[in-house]
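Q: So that we are looking at the same thing, I have put the structure below in structure tokens.
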Amino acid sequence: MPRRRRLRKIVAPPGFKGYKPYGHRPNSKMVELLYEEYEAIKLADYDLLNQLEASKLMGISRATFARIYESARRKIAEALVETKEIKTVYGNAHMDENWYVCNQCHARFNLPDPTTASCCPMCKSDEINNIITND
Amino acid sequence: MKIAITSTQNIPESTFDLRFGRASYFCIYNTENNSVEFIDNENINANSGAGIKAAEKVIELGVSRVISGDFGPKAKDLLDKFKIQMVMLDDDSQTISSIIKQLNK
């Protein structure tokens, strides 16, 4: 069994759901950019951190950061060259503590009042997982 | 319990809005008497602070759960402080009535 993936910390989700090319022959191709890949690009190329600093912020090793960053760049290059849409998807990221994800309807939610029953507010399923922190 | 759902229009058939601060309307659904009410969001064109103003508004309305696509950091902090539950959904093709139906299941 492979080792469980460590969750990557991200400060804030991307402020968009995706990017679309225009002026191209219509196609419905799409690349999925994960939140942690967006965060890697942001830390390395926008905040100009080095990989070690950035990896510490995201709570992962430098090598893992390099891998995520590499995959992010490749996806963006692929989108540009092949005129694909970029869509951001949740991936293995987590934002805050006390956030949960429902395994049935994939809604993400918090439970501000710990005394209430812990079930999904949308479908009342109790198959919910904590979006766990690494520390 | 009152639940706020962000909506693109002011009818129950309208689709869900993924934005919170800049949602067109807030649908206030009251679970006690099954009533649905739509409230205009006057901050939709605000330059800044739309999220925090929207959060203040739902607090004023006495809502205890907000359903939207995403919450900004400021709105999240404020809603957290007032112990309002936030629910994030990814699917923007859902209609308000289908969300309400799901809540009542």
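The values are calculated or read from the model by the stated rules, or taken from the named source; none is laboratory data. None of the values given here were measured: they were computed from a predicted structure. Cβ sites come from the backbone with ideal geometry, for glycine too, and all protein chains shown count toward neighbours. Note: areas computed on protein heavy atoms with side chains; ligands, DNA, RNA excluded. Shrake-Rupley method; radii C 1.70, N 1.55, O 1.52, S 1.80 Å.
Q: Has region B:89-97 got at least one residue that is facing chain A (nearest Cβ under 10 Å), over 22 Å from A:G18 (Cα atoms) and outside any helix (DSSP H, G or I)?
A: The answer is no; no qualifying residue exists.
Q: Identify, from the list A:E78, A:E37, A:E85, the residue that is closer than 24 Å to B:K76 by Cα, acidic (D, E), outside the structural domain of A:I128 (by TED's automatic domain parsing) and modelled with pLDDT of 90 or more.
A: Unique residue meeting the criteria: A:E37.
Q: So in region A:6-29, with the set limited to residues that are farther than 30 Å from B:K74 by Cβ and open to solvent by 90 Å² or more (accessible area, probe 1.4 Å), which one is farthest from the other protein chains (Cβ to nearest Cβ)?
A: Within region A:6-29, the match that is farthest from the other protein chains (Cβ to nearest Cβ) is A:R25.
Q: Now for a different question. Looking only at strands (runs of 3 or more DSSP E) that fall completely inside region B:1-56, which ones have 3 or more residues that are open to solvent by 30 Å² or more (accessible area, probe 1.4 Å) and farther than 18 Å from B:F82 by Cβ?
A: Correct list: B:35-40.
Q: Of all residues in region B:57-84, how many are in contact (Cβ under 8 Å) with a residue 40 or more places away in the chain and not in a strand (DSSP E or B)?
A: The number of residues fulfilling the criteria is 10.
Q: Could you please let me know if A:Y69 is crowded, with 17+ Cβ neighbours inside 10 Å and within 14 Å of chain B (Cβ to nearest Cβ)?
A: No: the conditions fail for A:Y69.
Q: Residues of region B:68-78 being closer than 14 Å to A:P112 by Cα and more than 8 Å from chain A (Cβ to nearest Cβ), which ones?
A: Those that are closer than 14 Å to A:P112 by Cα and more than 8 Å from chain A (Cβ to nearest Cβ): B:D77, B:L78.
Q: Here's something else I'd like to know. Can you confirm whether region B:63-73 contains a residue that is at pLDDT 90 or above and of a type in the set (S, T, N, Q)?
A: Yes, there is a match, as at least one residue in region B:63-73 is at pLDDT 90 or above and of a type in the set (S, T, N, Q).
Q: Could you list, in sequence order, the residues of region B:57-71 that are buried (at least 21 other Cβ atoms within 10 Å of the Cβ) and more than 14 Å from B:C27 (Cα to Cα)?
A: Selection gives B:D70, B:F71.
Q: For region A:30-67, enumerate the residues that are assigned to a loop (DSSP other than H, G, I, E, B) and touching a strand residue (DSSP E or B) at 6+ places or on another chain (Cβ under 7 Å).
A: A:G59, A:I60
Q: Of everything in region A:30-44, what is open to solvent by less than 80 Å² (accessible area, probe 1.4 Å) and out of contact with any helix residue (DSSP H, G or I) (no Cβ under 6 Å at 6 or more places or on another chain)? Give them in sequence order.
A: A:L34, A:Y35, A:Y38, A:E39, A:K42 - these are the residues of region A:30-44 that are open to solvent by less than 80 Å² (accessible area, probe 1.4 Å) and out of contact with any helix residue (DSSP H, G or I) (no Cβ under 6 Å at 6 or more places or on another chain).
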